[in-house]
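Reviewing the structure listed below.
The values are calculated or read from the model by the stated rules, or taken from the named source; none is laboratory data. Remember, predicted model here, so these are calculated numbers, not experimental data. Here Cβ is always computed from backbone atoms with ideal geometry, including for glycine, and neighbour counts include all displayed protein chains. These area figures cover heavy atoms from the full protein model, side chains too; ligands, DNA and RNA do not enter into them. Shrake-Rupley method; radii C 1.70, N 1.55, O 1.52, S 1.80 Å.
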Amino acid sequence: MSTATDWYEAGCARDCTNQHTKHWGRCAYAPESARREPTVIIGGVETAEDGYGEIIMRSVPLSAWNDLITVAKWVSRGRSMAFDPDPDIAPRYPDAAARRALGALDDAGILNRPGTHDG
């Protein structure tokens with residue numbers, strides 16, 4: 001059991017007043033494995049069940065977002081350059097990066113078309 005000032009002196013949030021929570025960013029004793037992957041939040045408007053627009057927020061892992069940017073840079077070079085290396089972007093066409101990025105967008109529900117989403 002922590003004392004009244006133990007959590008504060010350790011650098012924890014008030015959540016750890018009685019017992020250390022070990023939540024990343026809140027508890028000084030949180031292990032590295034508790035750290036969450038950085039994300040990018042994408043907002044948009046979808047039609048709700050009542051027919052009106054609602055604001056939605058989707059979270060995409062930052063690594064997938066960066067993969068998407070790499071693919072976009074590669075593709076923006078044009079079809080005739082698709083298989084010519086560009087070390088400033090990627091050593092070769094980023095197939096795996098494209099699949100990871102699209103998978104993450106799909107997991108976040110961003111690729112859903114109207115009438116096809118689950119929630």
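Annotations for the structure displayed:
- As a ratio to 2.2 N^0.38 Å, the alpha-carbon radius of gyration for the chain is 1.59.
- Split the accessible area of the chain by element, probe 1.4 Å, and carbon with sulfur accounts for 52%.
- Dipole magnitude of the chain, debye to nearest 20 (Cβ charges: Lys/Arg +1, Asp/Glu -1, about Cα centre): 340 debye
- Solvent exposure of the chain amounts to 76 Å² per residue of accessible area, where only protein heavy atoms count and the probe is 1.4 Å.
- For segment 50-119, the Cα gyration tensor yields ellipsoid semi-axes of 31, 12, 10 Å (square root of five times each eigenvalue, largest first, whole Å).
- The loop-placed chymotrypsin sites (Phe, Trp or Tyr not before Pro) in segment 46-100, going by DSSP, that have at most 16 neighbouring Cβ atoms within 10 Å of their Cβ come out as TYR52, PHE83.
- The accessible area of SER80, taken with all protein chains in place and a 1.4 Å probe, comes to roughly 100 Å².
- Taking the C-alpha atoms only, the angle from helix 95-107 to the longest principal axis of the chain is near 60 degrees.
- Based on Cα contacts under 8 Å between residues 6+ apart, the chain shows a relative contact order of 15 percent.
- Largest first, the residues MET57, MET81 sort by 1.4 Å accessible area into MET57, MET81.
- Sum of -39500 (n - 2.57) over DSSP H runs of 4+, divided by residues of the chain (222 nm, nearest 500): -8000 deg cm²/dmol
- When you filter the GluC sites (Glu not before Pro) in segment 1-77 for DSSP loop state and at most 13 other Cβ atoms inside 10 Å of their Cβ, you are left with GLU49.
- Extension gain, GLU9 back to ILE41 (0.36 nm per residue minus Cα-Cα distance, nm): 8.2 nm
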